[in-house]
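Reading through the C-alpha cells given below for one structure.
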Amino acid sequence: MTPASPAALDELVRASSLLSDEISFSRLVSVLVEQSLDITRSDIAALYLYAEPNGGGDLELAYQRGRAEVPRKISRSSELVEFLEECNESVVLLSRRESPFDELFLVEPARSGMALPIASSRNRIGILILNSSDERHYNHERFSFLDSLVGLASGMLTNARLYSELQEYLRKIEELERYQESIFESMTNLLVTTDAEGRIHYFNRAAADRLSLEDSHLGQTFEKVFARGFSKKVMSNLARATGSGQSILGIEGIYKRKDDEMDFGLNISPLRGKRGRHEGLTLLFTDQTAEKDLRAQMHVVSEERRIIKDMFASYLSEDIVKMLVEHPELVKPGGGAREATVFFADIAGYTSFSEGRPPEDIVTMLNEFFEEAEPLVRKHHGYLDKYIGDCIMAVFGVPLDTGPEDTVSAVKCAIELQELVNHPRRPFFTGEAEHLRIQIGMHSGPVVAGNIGGSRRMDFTEIGDTVNVAARLEGVARAGEIIISAETREQIGDRFRIEQRKPARVKGKAKPIQIYNVLGMAQA
C-alpha cells in the first residue's frame, strides 16, 4: 500500500481540526462537504441524509457544493443505496460506463465519482457523493483521505445529533418544570414539599405568604422552621406518614403567628421514587380562615346584588337591572352628583274629576293609567322614580348615564306617552274619564341621586334644582303638551319638531326661563 504523502496528511489534520471545532450538526455537515470538495478538487460534493433519524426513509439532500444542480432525493431502494447499506463499503467509479451504480453520477458531465456511507455502529446517517468531470480522478490518496475524514465525521455527527436530542429533552424538562411551578404558584392552597431527610425542598407563593417562608428556609428541616407554629400533633403525623408510607388526610389545627392565627386543614402524602423509595412528603394546607373570610365577602356581594335587584326591578328595564347587579359600584350609596333629565307627567283636570267619586274608582283609574305608562318608561331606559298622587316622576340618566342620548330617550318616551293617551282605543281613561289628558314638564341638569333616607326607610331617588324646575314646568304645560327647558332643548338637536314659547316665570326662579313645546318627531 502506498503511504499517504505529507501534504495529504497535513490536509487531513487540518480538516479534522475544523470538524473538531464544531458541535452543531448542521455546521459539521457543511464543513464535511466543503473540505471534501476542496481537498479532492472535485466538481460536485453532496451529502444526502436519511429522512428519519434512525436511518429510515429515502435520502434527502442536506448540503451541496458545486455549480450544477443535483437531485434533491435518492431512493432508498436504488441499487447504490442497497449496496452501501448491506456492505458498508464505499463505491468508486473511475469512468462513466454502464454500471448498476449509475445513480452515483449526479450530473451529466461527471466522468468519475465516489459514494461513501456515513454511519455509526448503531445508526445510518447518510451518504457523501463526489463527482469529477475527469476520468480516473479519484486515486488511492484521495480515497484514503475521504475514507478517513468520513470515518471521523461519522462519529462527530452521531455525537452532535445526540447532543441536539439531549438539549431538546432538557428543554422539554425545563418547560415541564416551569409549567408545574406555574401551577403550584397559582394555587390558593399552601403547598410545601420535603425531601427524604425532612428538609424543606419547595413551597409555593401562597405558602410563603401565609406561613412566612423565605428562601433561607430551603434546606432546613420542617420541624426546626415550624417548631413553634405547629402543634406536636402535626409533627407526629409527619413522622407517622414518613414511617408508614401512607397518606394522612383531614388534619385540622391552628397555625400561630406573631400577629394572628390561621385555621388550617392539612393533607400529607408521601413522595415516592423508583421502586417505591421514600423521597419526602407533600404537605397541602387549606387556609380555612381565608375561606371563611371569602365566604363572608361573597355573602356581602350577594346581598348587595339582591338589594339592587329588589330596588330597581320594578322600575327599570331588565338589561339595566342586570348590568347594575353585575356592577353594583354604579349605584352610589348616600347620593352622588349626576347629569340627568327629569320629567313629570300629570293628569290634567284630575282634581275636579275626582271630587265626589268613590276612592276605589279613582284608584282603579290611576292603576290602569300607570299600568300602561310604566312599561314605556322602562322601554326607553328610564327610571320610574315614584308616583305622586296622579303624577309620574321619571328620570333618564340615573342610575346609568349614557350622555345626551338619555335626554333624547326622555323626549321620545314623553311623545309616545302622549300618543298613547290620545289613542282612541287606549285601555285607560274610559267611560266618564275619556276626556282626561296629561301634561308633561321636562328639565335637564345635575341631580343628587342615591340611597336617601333614614336608618328605618331608605329609597333610591333624586333631589336638586333640576327636579324642582321639571316639576314647575309640568305646571306650566297644558293638557296634551310636553314643555321642555332650554337645557333639554340643547341636548336633543334636530330630532324633534319644536315650538318655542315665551319665557315662563316659575316658583323659585328670579328670572323667567325659556321654554319649548315638543310637537313630535322630526320629519325624516
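What the table shows:
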quantity	calculated
Burial ordering of MET262, MET521, fewest other beta-carbon atoms within 10 Å first	MET521, MET262
Formal net charge of residues neighbouring LYS509 (Cβ-Cβ distance under 11 Å; K, R +1; D, E -1)	+3
The range 53-167: proportion of alpha-carbon pairs further apart than 19 angstrom, %	48 percent
Förster radius 60 Å - calculated FRET efficiency between ALA239 and SER120 (Cβ-Cβ, nearest 0.05)	0.70
√(5λ) per eigenvalue of the Cα gyration tensor, the range 328-521, largest first, Å	26, 21, 16
Fewest-first sequence of SER154, SER42, SER17, SER148 by Cβ atoms within 10 Å of each Cβ	SER17, SER148, SER154, SER42
Of LYS233/LYS274; LYS172/LYS224; LYS412/LYS502; LYS172/LYS274, pairs whose Cα-Cα distance is over 28 Å	LYS233/LYS274; LYS172/LYS224
Packing-based exposure ordering (other Cβ within 10 Å, fewest first) of MET156, MET235, MET114	MET235, MET156, MET114
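The numbers here are math on the coordinates, done by the rules we state, and not lab data. This is a predicted model, so every value here is computed, not measured. FYI the Cβ positions are ideal-geometry reconstructions off the backbone, even for glycines, and counts take in every protein chain you see.
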